[in-house]
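The values are calculated or read from the model by the stated rules, or taken from the named source; none is laboratory data. It should be emphasised that the depicted structure is a prediction, and the values quoted were computed from it without experimental measurement. Reconstructed Cβ throughout: ideal geometry from the backbone, glycine too, with neighbour counts over all protein chains shown. Remember, those area values only see protein heavy atoms, side chains included, never the ligands or the DNA or RNA. Shrake-Rupley method; radii C 1.70, N 1.55, O 1.52, S 1.80 Å.
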Amino acid sequence: MNRISVDIIKLGGSIITDKSSYCKIRRENLSEICKQLENLSNPYIIVHGAGSFGHIIAEKHSIQDGFEDRNQLDGIVKIRQDMTSLTQEVVSCLVENNVKAIGFQTSALAFIEGAEVLYFLNPIKKSLSLGICPVLSGDVLFTENDGFTIHSGDSIIDHFVRDFNVNQVIFLTDVDGLFEKDDNEETGKLVRKLTYNEFKDFKVEELQSDVIDVTGSMKGKVDEISTLLKDVEKVVILNGLFPERLGLVLKNEDVICTTIFGENSTQR
Ligand code: IP8
């Protein structure tokens, strides 16, 4: 199958769920986000994080450490049930807003062998070519060596940029974008635009968080973005708690966010 051109939109777990409260959805915010996606002309894939539907149980059962004892299996079963519910909530909300969307279970499409994640992407490619938006989430993947591991939404995107022609990846987080470290000031400064080279030297202001996240912080995200920039035109980080900003970014309008241009981008 030919490489399909798509945008990827990542709905961070912190903007669709309340990360401090087990399985609590931020329904109103989710609904406002889905409204922004009605009538988009470019094909896109939605990847959502786990938030309090995944991270709390994952940490309790040390799922990220791989198989150690059978008690962990209860954790895996619970996470799978909870993630199915969360994906269904996202899909239902998209459908209510006239988006033709289908949920795909990441752990049924991927398996880890050694350092390699093997994906079976034909169903996703076909759904895109028919005009259906695939919705995936971070998940617990089975692995050849360790039994299982956590595969974050960001890792899915990291993989997909090599299989699709990705124009832009839009990360909806709970902050306005990337903040520059400034030793002389107490709070960092929001950076609006960065070229690939500027981003490589960029020192991110790490925002403190007291919620459980087994797949890492903004620093981890910055490392993943460095890899993405080799393959995509641009990466946008914006605050998903202001859903109208997503609508404006999708119309290429200027809005509070950070845009980082890819290594081969001609834009600035
Ligand atoms: O919220 C984590 O995905 P993320 C997946 O995208 C689980 O980091 C099941 C904790």
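Quick check: is even one residue across the stretch 3-12 without any contact (Cβ under 8 Å) to a residue 60 or more places away in the chain, more than 16 Å from the ligand (Cβ to nearest atom) and closer than 20 Å to Ile132 by Cβ? Looking for residues that are without any contact (Cβ under 8 Å) to a residue 60 or more places away in the chain, more than 16 Å from the ligand (Cβ to nearest atom) and closer than 20 Å to Ile132 by Cβ, one finds none in the stretch 3-12, hence no.
Taking the listed residues Ile33, Ile16, the one that is away from the ligand (no atom under 11 Å from the Cβ) and farther than 16 Å from Val140 by Cβ is Ile33, with no other qualifying. Each residue in the stretch 79-126 was checked for being more than 17 Å from Ile157 (Cα to Cα) and either touching a Pro at 6+ places or on another chain (Cβ under 8 Å) or assigned to a loop (DSSP other than H, G, I, E, B) (or both), and 7 of them qualify. For the stretch 15-40, taking the residues that are at pLDDT below 95 and at negative phi, the one that is surrounded by the most Cβ atoms within 10 Å (Cβ to Cβ) is identified as Lys19. Tallying residues that are part of a loop (DSSP other than H, G, I, E, B) and in contact with a His (Cβ under 9 Å, 6 or more places away or on another chain) within the stretch 8-60 yields 3. All of (1) open to solvent by 30 Å² or more (accessible area, probe 1.4 Å); (2) away from the ligand (no atom under 15 Å from the Cβ) hold for Ile56 with one exception: (2).
Taking the stretch 119-138 on its own, how many of its residues are in contact with an Asp or Glu (Cβ under 6 Å, 6 or more places away or on another chain) and open to solvent by 30 Å² or more (accessible area, probe 1.4 Å)? Walk me through it before giving the result.
As a first pass, look at the stretch 119-138 and keep what is in contact with an Asp or Glu (Cβ under 6 Å, 6 or more places away or on another chain): 121.
From the residues that got through so far, the ones that are open to solvent by 30 Å² or more (accessible area, probe 1.4 Å) too are none.
Here the count works out to 0.
Take Gly262 and decide whether it is of a type in the set (Gly, Ala, Ser) and either at pLDDT 95 or above or open to solvent by 80 Å² or more (accessible area, probe 1.4 Å) (or both). For Gly262, the condition - of a type in the set (Gly, Ala, Ser) and either at pLDDT 95 or above or open to solvent by 80 Å² or more (accessible area, probe 1.4 Å) (or both) - is met. Kindly indicate whether Tyr44 is more than 16 Å from the ligand (Cβ to nearest atom) and aromatic (Phe, Trp, Tyr). Here the answer is yes, as Tyr44 does meet what is asked. Within the stretch 86-108, being open to solvent by 20 Å² or more (accessible area, probe 1.4 Å) and within 21 Å of Ile4 (Cβ to Cβ) holds for Lys100, Ile102, Gly103, Phe104, Gln105, Ala108. Please verify whether Ile76 is surrounded by fewer than 21 Cβ atoms within 10 Å (Cβ to Cβ) and either of a type in the set (D, E, K, R) or more than 18 Å from the chain's Cα centre (by Cα) (or both), treating the condition exactly as stated. Considered against the rule, which asks whether it is surrounded by fewer than 21 Cβ atoms within 10 Å (Cβ to Cβ) and either of a type in the set (D, E, K, R) or more than 18 Å from the chain's Cα centre (by Cα) (or both), Ile76 comes out as yes. Could you tell me which residue of the stretch 139-180 is nearest to Val95 (Cα to Cα), considering only residues that are part of a loop (DSSP other than H, G, I, E, B) and either more than 13 Å from the ligand (Cβ to nearest atom) or open to solvent by less than 10 Å² (accessible area, probe 1.4 Å) (or both)? Ranking the candidates gives Phe164 first.
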